[in-house]
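S.K.: My structure is below; once you've seen it, I'll send some questions.
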Amino acid sequence: MMRSLFSGVSGLKTHQTKMDVIGNNISNVNTVAFKSSSTTFSDIMYQTTSQASGATATRGGKNAKQIGLGVTNGATKVTITSAGAAQSTGDALDIRLTDSNSTNFFIVSNGSQNLFTRAGSFYIDGNGNLAMTTTGYLVMGWQIDPDNPTNIIKDTVTPLRVMKTENLTSSPEATTEANFNGVIDKNDSQFSSSGGYVRSFTLYDNLGYSYTAKFSFSLVDGTKGEYNVSLLSILDGDNNDLLKTYTPTGDDDRIFGKTLNDTSNYNLAKGYSFTNNDADASEITDGSKLYGFDAATQNFVSKDGSNTTIAASKVLGIPSNVTIVSVAQGTSTSVATVGTQTIGYRLKFDTQEGYLDYVDSAGNTSVRMLTHFLGPNTEDPLLANAALSDINIDFSKLLNYDNGGTSTAVGNRGATDGTTGTGKKLGTMTGLSIQTDGKIFGSYSNGNSVLLGQIAVAQFANASGLEEKGDNCYDTTLNSGEFDGIGIDISADGSSMNTGQLEMANVDLSSEFTDMITTQRGFQANSRIITVSDTMLEELINLKR
């Protein structure tokens, strides 16, 4: 009689334990990455009142007579390998682990030991560390290789301090590539302006300072598709011309170009004509005075003693940056045959298709601008130590077409792909991004994307054997397997990290409510065991009356 009472008591206790588990599951239905638990009952040892006997020649054997002593909680199992649904948050530091073959865990440190969690709600703490929002535990991972910042050293995990001082800025880069593209039209009036057809692009030195390089395109022979391009100036942020500062006199072609000698015919400006005087074929008149060409001043100078001057470039329609060597009457009194000298490179276009044939010499579509000379050197002025790097300038995308007298050529820093060798100023961090393999990149205002570290994960032979420590964290046990201190790359088995999402609890409310009903009924049934047993004891006691 007493055995049934204690069986009923054991039933009440185990069903109460199961109800505690169900209650914990339901209360954590909205806890990030919570893993529901389930209980498994097992019967308690049996009291044997009669041992089993074997069969004889004349009688069969008997089974043992045993009376069970109740029920106990055999196991509480955490469904840790079952992932919860995804919850979108839009926060770049919220990460959901997507498992492929094994269950993965973030590695976090509470300051004294490593723990493991599936809750990927992180933030950047006051020291610049990636940390759990709920506990402040530091997220662990691998650091970059100091000798190769594009590589990760997969060694013992350490806190990921992604916002340390050296990561707040991105180093500048010097421009090493540039290009010109667009249409050059020989009928463009800018070719006869004082400066020629001027184009420019911005470039950076190794320190991130910006400069403006100005170039002039001049027409040599439109019929033959021949033009010259020369470097006018490289201006710094204070509008100082580095060419004037650092280029020695008479050595202008050291930076960009060669000495180009050309002879071409130009129409004189309206109101001017040659005198048709064979004794001085360079003598012109404006109808009132005679002028002779002075190569030293690049002017026409009056011959009446008044020293009136007129810029030769204005009379001849030649850009002022082109040196005029000689002037003579051409095919008529209004046409001049002019010898010019330019520091630059020859551009030759195909006269049938209009594409660039070559620059400087056959086979070349690009030339180098030796800007490394534009800097100070106290020991030898001819060997400068500028922060500027040499720049390869590509002209292959220029075209020579009739565009209604309008040229559309533009200069751009960087190669024709738009990214290579562009150069960059000093960048400040504008954001963080985490790739699917856990690599953390910093985004900077200069367009750089820099690797800052990688989040490592842990895997266990028996993830269900981990011990729950609260705060969504787990610790290793003898039955879970050990953590080696290094971790693994989550992408090694095809798993991944998804940012902007969190893993929801894997609690199935429909199952929990069903279990709650069966648990309630089981508790009621066990309470009836005690009630009926008590009634029977009462009847036994009443026999004495």
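S.K.: For THR263 and SER491, calculate 0.36 nm times their separation in residues minus their Cα-Cα distance, and state this gained length in nm to one decimal. Before the final figure, lay out the partial values.
M.R.: On the way: separation 228, 0.36 × 228 = 82.08 nm, distance 6.77 nm.
Full-extension gain reported as 75.3 nm.
S.K.: What does the net charge come to around SER433 if you take all other residues with beta carbon closer than 15 Å to its beta carbon, with K and R at +1 and D and E at -1? Could the numbers behind the result be given before it?
M.R.: Details: positive: LYS439; negative: ASP91, ASP94, ASP437.
So the surrounding residues net to -2.
S.K.: Determine which aspartates and glutamates satisfy two conditions relative to LYS77: a Cα distance under 19 Å, and not lying fewer than 8 residues away in the same chain.
M.R.: ASP20, ASP43, GLU467, GLU468, ASP471, ASP475, ASP508, GLU512, ASP515
S.K.: Apply 1/(1 + (r/R0)^6) to the Cβ-Cβ distance of ASN364 and THR408, taking R0 = 25 Å, and write down the FRET efficiency to the nearest 0.05.
M.R.: 0.60
S.K.: Here is a further query. What percent of all Cα-Cα pairs in the range 76-188 falls into each 10 Å bin, going from 0 up to the bin containing the maximum distance?
M.R.: With a bin width of 10 Å, the distribution comes to 11, 29, 28, 12, 8, 6, 4, 1, 0.
S.K.: Right, something else. For q values of 0.13 Å⁻¹, compute log₁₀ I(q)/I(0) with the Debye formula on a Cα-only model of the range 18-114, without solvent.
M.R.: Debye curve over Cα of the range 18-114, log10 I(q)/I(0) at q = 0.13 Å⁻¹: -0.73.
S.K.: Quick one: length gained pulling THR133 to LYS164 fully straight, 0.36 nm per residue minus the C-alpha distance? Don't skip to the answer; put the middle values down first.
M.R.: Working: separation 31, 0.36 × 31 = 11.16 nm, distance 1.90 nm.
My answer for the length gained is 9.3 nm.
S.K.: Which angle between 0 and 90 degrees, to the nearest 10, do you get for helix 509-542 versus the longest principal axis of the chain when only C-alpha atoms count?
M.R.: Tilt of helix 509-542: around 20 degrees.
S.K.: Which distance in nm do the two modelled labels at THR245 and ASN479 give, with both placed 7 Å along the Cα-to-Cβ direction?
M.R.: 7.5 nm
S.K.: Using C-alpha positions alone, give me the convex hull volume of the range 177-413 per residue in cubic angstrom.
M.R.: Enclosed volume per residue, from the Cα hull, is 147 Å³.
S.K.: Please go through the residue pairs LYS314/LYS397; LYS258/LYS397; LYS164/LYS439; LYS214/LYS424; LYS258/LYS348 and name each one whose alpha carbons sit more than 24 Å apart in this structure.
M.R.: LYS314/LYS397
S.K.: Can you give the extra length, in nm with one decimal, that the chain gains between GLN51 and GLU467 once fully stretched, where that is 0.36 nm per residue apart less the Cα-Cα distance? Working shown, then result.
M.R.: Values: separation 416, 0.36 × 416 = 149.76 nm, distance 4.17 nm.
Between GLN51 and GLU467, full extension yields an extra 145.6 nm.
S.K.: Let's test the formula: R0 of 51 Å, r as the Cβ-Cβ distance of LEU290 and THR223. What FRET efficiency results, to the nearest 0.05? Show your work: numbers first, answer last.
M.R.: On the way: r = 33 Å, r/R0 = 0.64.
Calculated transfer efficiency: 0.95.
S.K.: On to the next question. If I model a spin label as a point 7 Å beyond the Cα along the Cα-Cβ vector, how far apart are those points for GLU353 and THR76 in nm?
M.R.: A separation of 7.9 nm, rounded to one decimal place.
S.K.: Also: Using only alpha carbon pairs under 8 Å that are at least six residues apart, calculate the relative contact order of the chain and give it in whole percent.
M.R.: The normalised contact order for the chain reaches 24 percent.
S.K.: Something else about it: Given an 8 Å cut-off on Cα distances and at least 6 residues of separation, report the relative contact order of the range 441-545 as a percent.
M.R.: Value for the range 441-545: 16 percent.
S.K.: While we're here: In nm, to one decimal, how far is the modelled label at GLN298 from the one at THR428, with both set 7 Å along Cα→Cβ?
M.R.: 4.4 nm
S.K.: Using C-alpha positions alone, give me the convex hull volume of the range 390-480 per residue in cubic angstrom.
M.R.: Enclosed volume per residue, from the Cα hull, is 227 Å³.
S.K.: Going 7 Å from the Cα of THR150 in the Cα-to-Cβ direction, what parts of the range 172-205 have a backbone nitrogen less than 19 Å from that spot?
M.R.: 172-177
S.K.: Restricting to DSSP H runs of at least four residues, report the calculated mean residue ellipticity at 222 nm for the chain, -39500 (n - 2.57) per run over all residues, nearest 500 deg cm²/dmol.
M.R.: Value at 222 nm, helices only: -4500 deg cm²/dmol.
S.K.: Can you give the FRET efficiency to the nearest 0.05 for MET536 and THR31, using r as the Cβ-Cβ distance and R₀ = 51 Å?
M.R.: Using R0 = 51 Å, I get an efficiency of 0.65.
S.K.: Something else now. Mind checking the angle between helix 2-27 and the chain's longest principal axis? C-alpha axes, 0 to 90 degrees, to the nearest 10.
M.R.: Its long axis makes an angle of about 10 degrees.
No lab work stands behind these numbers, since they all come straight from the coordinates. Since the model is a prediction, treat every value here as computed from it, not as a measurement. Reconstructed Cβ throughout: ideal geometry from the backbone, glycine too, with neighbour counts over all protein chains shown.
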